[in-house]
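Engineer: Have a look at this one before I ask anything.
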Amino acid sequence: MASVSDTLRMLDPSVRPDPYPLFAQLREASPFRVQNLPAAVIARYADCSAVLRDPRVRSDRTLSQLRRDTLQGTGAAQRDGHVASSPMFLFLDPPDHTRLRRLVSKAFTARIVQRLEPRITELADTLLDQRASARTLDVVNHFAYPISMTIIRELLGVPVEDEARLHIWSVLASRALDPSAQTAARYTGDPAELQPSGVALISYFDELVERRRDAPGEDLLSELIAAEDAGDKLTRAELNSTCVLLLVAGHETAVTLIANAMLALLRNRRELDAFRADPSRAEAVVEETLRYDPPVQFVPRVAADDIPEMNIRRGDTLIVLTAAGNRDPAEFDNPDRFDPMRKNNHHLTFGLGAHFCLGAPLGRLEARVALTRLVQRVESPKLTVDPPPYRDHVDLRGPAHVPIEFAEILPR
Ligand code: HEM
């Protein structure tokens, strides 16, 4: 049995730049229950895949013994403020999950998302133009963040003047969402300390919904309001939390995908040159980044029943370590090599089953377009700090900055 300290090493910031040697150890030992905790780690590819499809496994965190222990006495559950809120559908099981997901999924089909390509291209090119005389660029803050935030903001129908405050709340809320915050809190402090950003976001959307109800636009929020008005399909609380989910799930992840891809390319110059010479490699570069250095490292689940074949007990929190599964040598040849040309790249990074990432077509498109423009137009890019600084997040792990120097930015 792996000890609690082996698993908690995941929380150690010094592991952040390269968690994969630790993940390999955890994978070797997995599946295992964490000593003295109602939690288990699942890290082999086949086990991750089986658990994510297992009907005994749920997304509803209120079933988790660890969560009950952690929240006991903190009052965190009562600190939701006075606005209407309900759990995001990421944390729901059928039938509520099915109903809410169906309403939103119409807006995220590959065909609809594809229409955003010219807008993403325009954004990427404008941002590159703005850096032309600077000779330096932070791939995260000057490029990936503004692209991803603008796209999700425009999709939702959030006014541009609200972007700055939304950005701050969303960064904090994504930290609060990071399942590590719950576990870490047990050892380091109060899990409720990050709650206010979530409340601020819910309140913000609650007000915006009122404004859109009076003056609908051509955006997703107005469509969801129409669905709410058409029947009892979506309560006000569900509407608010769905907006927060789309905002938070929709931009931090895409930012990290772009940043991690550029990082891998800068460290593998031959792949960078090959991509530059042949932009049709964009899809392969994005898929390999999703496998090799994923923006989401694990997905949390709860066992609603005993799973004896994996020594899992009812109420256990399950850390399904998909980033370790993606590097399982039983599944991928040379798994630690960044190789966009590998065949059959069936990574687990968007999850599996009922909760498979709704935004996958959007995230993929943003990354493909943004990276193509970046690689085509930035001449002789060099990483100035390696490894770059990382954010605190354990699950939504990614670099805080990817600073590069370059010779010039070519015209469009
Ligand atoms: C580009 C990188 C992205 C990655 C790696 C990623 C990863 C994931 C993963 C692993 C899940 C499943 C979580 C689970 O099973 O518990 C998920 C769900 C989800 N993602 Fe993404 N995501 C990305 C981009 C996006 C984007 C751009 C959006 C757009 C809004 C989005 C919206 C969602 C939503 C709404 C869910 C919940 C689906 C459900 O519970 O049914 N994601 N994502």
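The values are calculated or read from the model by the stated rules, or taken from the named source; none is laboratory data. Note that this is a predicted model, so its numbers are computed, not measured. Neighbour counts are summed over all protein chains in view; Cβ atoms, including those assigned to glycine, are modelled from backbone coordinates with ideal geometry. Just the protein is used for accessible areas: all its heavy atoms, side chains included, with ligands, DNA and RNA removed. Shrake-Rupley method; radii C 1.70, N 1.55, O 1.52, S 1.80 Å.
Engineer: HN-Hα J couplings of the range 238-250 from phi, Karplus 6.51/-1.76/1.60, θ = phi - 60°, integer Hz, Gly and Pro as x?
Structural biologist: So the Karplus estimates, Gly and Pro as x, are 5, 4, 4, 6, 5, 4, 4, 4, 5, 5, 6, 5, x Hz.
Engineer: Provide, for q = 0.28 Å⁻¹, the log10 of I(q)/I(0) from a solvent-free Debye sum over equal Cα point scatterers in the range 119-165.
Structural biologist: Per q value, in the given order, log10 I(q)/I(0) is -1.06.
Engineer: Rg over Rh of the chain, using C-alpha atoms and the Kirkwood radius, what does it come to? Kindly include the intermediate steps, with their values, before the conclusion.
Structural biologist: Numbers: Rg = 21.0 Å, Rh = 22.0 Å.
So for the chain, dividing Rg by the Kirkwood Rh gives 0.95.
Engineer: Compare Thr253, Thr98 by solvent-accessible area with a 1.4 Å probe and give them largest first, with all protein chains kept in place.
Structural biologist: Working: Thr253 35, Thr98 60 Å².
If we order Thr253, Thr98 from most to least accessible, we get Thr98, Thr253.
Engineer: Taking amide hydrogens as modeled 1.01 Å from N in the peptide plane, which residues meet the under 5 Å criterion relative to Ser86, leaving out close sequence neighbours?
Structural biologist: Placed amide hydrogens put Ser241 under 5 Å from Ser86.
Engineer: Let me ask something else. I'd like to check one number: the per residue accessible area of the chain, probe 1.4 Å, reported in Å² as a whole number. It would help to have the intermediate numbers written out before the result.
Structural biologist: Numbers: 17670 Å² over 412 residues.
Heavy-atom accessible area per residue stands at 43 Å².
Engineer: With the full set of protein chains in place, find how many percent of the accessible area of the range 264-412 is carbon and sulfur; take the probe as 1.4 Å. Show your work: numbers first, answer last.
Structural biologist: Values: 2910 of 6030 Å².
That share works out to 48 percent.
Engineer: Which order do Cys357, Cys48 take when ranked by solvent-accessible area (1.4 Å probe, heavy atoms of all protein chains), largest first? Can you show the working numbers first?
Structural biologist: Values: Cys357 45, Cys48 0 Å².
Heavy-atom accessible area, descending, gives Cys357, Cys48.
Engineer: Evaluate the relative contact order of the chain (contact order divided by residue number), counting alpha-carbon pairs under 8 angstrom at least 6 apart; express in whole percent.
Structural biologist: So the answer I get is 28 percent.
Engineer: Return the sequence-ordered ³J(HN,Hα) values of the range 127-136 in whole Hz as given by the Karplus equation 6.51 cos²θ - 1.76 cosθ + 1.60 applied to θ = phi - 60°, using x for Gly and Pro.
Structural biologist: Couplings: 5, 5, 4, 5, 9, 3, 8, 7, 6, 9 Hz.
Engineer: Based only on Cα atoms, what Rg/Rh ratio does the range 259-318 have, Rh being taken as Kirkwood's radius?
Structural biologist: Working: Rg = 18.7 Å, Rh = 14.2 Å.
Ratio value, two decimals: 1.32.
Engineer: Counting only protein heavy atoms and a 1.4 Å probe, tell me what percentage of the range 83-152's accessible area is made up of carbon and sulfur.
Structural biologist: Numbers: 1890 of 3250 Å².
That share works out to 58 percent.
Engineer: Quick one: how many Å² of Met310 are accessible to a 1.4 Å probe, rounded to 10?
Structural biologist: 20
Engineer: Continuing with the same structure: Can you pull the accessible area of Lys233 for me, 1.4 Å probe, Å² to the nearest 10?
Structural biologist: Using a 1.4 Å probe on the heavy atoms, I get roughly 100 Å².
Engineer: Separate question: Give the accessible area for Tyr292 in Å² (nearest 10); use a 1.4 Å probe, count only protein heavy atoms, and leave out ligands, DNA and RNA.
Structural biologist: 50
Engineer: Same structure again: About its Cα centre, how strong a charge dipole does the range 290-412 have in debye, to the nearest 20, once Lys and Arg get +1 and Asp and Glu get -1 at the Cβ?
Structural biologist: Details: 16 positive and 17 negative charges, 93 e Å.
With only Lys, Arg, Asp and Glu charged at Cβ, the dipole is about 440 debye.
Engineer: Hey, another quick one. Got a sec? Charge dipole of the chain, +1 on Cβ for Lys and Arg, -1 for Asp and Glu; which of Val320, Leu90, Phe108 is way out at the positive end?
Structural biologist: My answer, from the dipole projection, is Val320.
Engineer: Spelling out what I want: for every residue of the range 15-32, take phi, set θ = phi - 60°, compute 6.51 cos²θ - 1.76 cosθ + 1.60 (Karplus), and round to whole Hz; glycine and proline get x.
Structural biologist: For the range 15-32, the Karplus-derived couplings read 7, 4, x, 8, x, 5, x, 5, 4, 5, 5, 5, 5, 4, 7, 8, x, 9 Hz, x marking Gly and Pro.
Engineer: Using the Cα centre of the range 264-362 as origin and beta-carbon charges of +1 (Lys, Arg) and -1 (Asp, Glu), tell me which of Ala304, Ala354, Pro279 is placed farthest towards the positive end of the dipole.
Structural biologist: Pro279
Engineer: Mind ranking Glu271, Glu218 by accessible surface for me, highest first, 1.4 Å probe? Walk me through the numbers before you get to the answer.
Structural biologist: Working: Glu271 30, Glu218 190 Å².
Ranking Glu271, Glu218 by accessible area, largest first, yields Glu218, Glu271.
Engineer: What size of dipole, in debye to the nearest 20, comes out for the chain about its Cα centre when the only charges are +1 on Lys and Arg C-beta atoms and -1 on Asp and Glu C-beta atoms?
Structural biologist: 540
Engineer: Charges only on Cβ, +1 for Lys and Arg, -1 for Asp and Glu: so what's the dipole of the range 1-63 about the Cα centre, in debye to the nearest 20?
Structural biologist: Values: 9 positive and 7 negative charges, 43 e Å.
For the range 1-63, the charge dipole is close to 200 debye.
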